[in-house]
Amino acid sequence: MADKGLVNVGEVSGVFGIKGWVKVFSFTDPRDNILSYSPWLLSKGNETKTVKVIEGALQGGAVVAKLVGIDDRDQAAALMGWTIFITPEQLPKTAADEYYWSDLLGLNVETTDGVSLGVVDSLLETGANDVVVVSGERPRAIPFLQGQTIIRIDLAAQLMVVDWDPEF
């Protein structure tokens, strides 16, 4: 489902109570932002389904949600392990110098001298600063510091230009 331009925002990780609530492992920041995106497109294997979020909350360290049509613990348990996607249109618009991680995945990465380093494979949140993981002839981890190591991002051209030594 991810190749259809959808954004992976989490996974159903468990059940909560007996009235059909599900626990959710959320990739959003803050975690409970996942509750503001409805409907969810759920996917597991070759199966997909669309569900609407009725309500939800932070519960301890987890996010819990009540979904339309899921009314008991067994129905909730059947959703465990399903991946939660949303459409890009459901996301708030970003400022000119802001990007969603999903926008950066797959961008071609090249140095300011035009040397190709590969493509953005993933991003890591390290605490100090985010890191772009680039897959190419060898993997590279480049700090995501706009104006320092990240010189330019052109989503239309699918290009990220970095100030990075290709030998590093």
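The values are calculated or read from the model by the stated rules, or taken from the named source; none is laboratory data. Just so we're clear, the structure is a prediction, and the values are computed from it rather than from any experiment. Note that each Cβ is placed from the backbone with ideal geometry, even for glycine, and that neighbours are counted across all protein chains shown.
Per-structure values
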| quantity | calculated |
| --- | --- |
| Given (1) of a type outside the set (Ser, Thr, Tyr); (2) within 18 Å of the chain's Cα centre (by Cα); (3) at pLDDT below 95, number of the condition Ala156 does not satisfy | (2) |
| Residue list for the stretch 20-36, filter: touching a helix residue (DSSP H, G or I) at 6+ places or on another chain (Cβ under 8 Å) and surrounded by fewer than 20 Cβ atoms within 10 Å (Cβ to Cβ) | Phe27, Thr28 |
| Among the candidates Thr50, Thr94, residue that is assigned to a strand (DSSP E or B), free of Cβ contacts under 8 Å to residues at least 24 places away in the same chain and not assigned by TED's automatic domain parsing to the domain that holds Val134 | Thr50 |
| Some residue of the stretch 124-145 being under 30 Å from Val51 (Cα atoms) and either assigned to a strand (DSSP E or B) or within 15 Å of the chain's Cα centre (by Cα) (or both) | yes |
| Which numbered condition Ser13 fails, given (1) assigned to a strand (DSSP E or B); (2) within 14 Å of the chain's Cα centre (by Cα) | (2) |
| Any pair with Cβ under 8 angstrom, 6 or more apart, that starts in the stretch 111-124 at a residue that is farther than 19 Å from Asp165 by Cβ and ends at one that is aromatic (Phe, Trp, Tyr) and modelled with pLDDT under 95 | Leu123/Trp101 |
| Considering residues of the stretch 125-144 that are within 19 Å of Glu167 (Cα to Cα) and among the hydrophobic types (A, V, I, L, M, F, W, C) only, the residue surrounded by the most Cβ atoms within 10 Å (Cβ to Cβ) | Val132 |
| Every residue from the stretch 137-168 that is farther than 14 Å from Ser116 by Cα and aromatic (Phe, Trp, Tyr) | Phe144 |
